[in-house]
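Notes follow the structure.
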Amino acid sequence: MRLSLATTATALAVSVVMSTVVFAQKTKTDAARASRAEATGSVNDSYNRCVSLARSRGYTNSDLDGNRASARNFVINCMRGKQR
């Protein structure tokens, strides 16, 4: 009788601990996913702003779409914060 009671208590304790761990991991995963989504949006916004700045500085669509080194370097440096 004591053995079955101890086994049941142990199983219940393990179940509670595992559900707590799973809940904590899910919460962290959701926060990480939201953070990555925000960062991705931020990178896309930064890229679009830098392409607009490049166009206003005289780079053409063929420069930007043709992957010309000067236009590419301008956009990369802009995203790093080195262009004004």
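Any read-out appearing in this document is the output of simple, stated calculations on the displayed coordinates, not a laboratory observation. As the structure is a computational prediction, the values presented were derived from the model and not from experiment. Methodologically, a virtual Cβ is constructed for each residue, glycine included, from the backbone with ideal geometry; neighbour enumeration extends over all protein chains shown.
Would you list Arg55, Arg80 from fewest to most Cβ contacts within 10 Å?
The most exposed by this proxy come first: Arg80, Arg55.
So between Tyr47 and Asp65, what do we pick up on full extension, going 0.36 nm a residue minus the alpha carbon distance?
Gain on stretching Tyr47 to Asp65: 5.1 nm.
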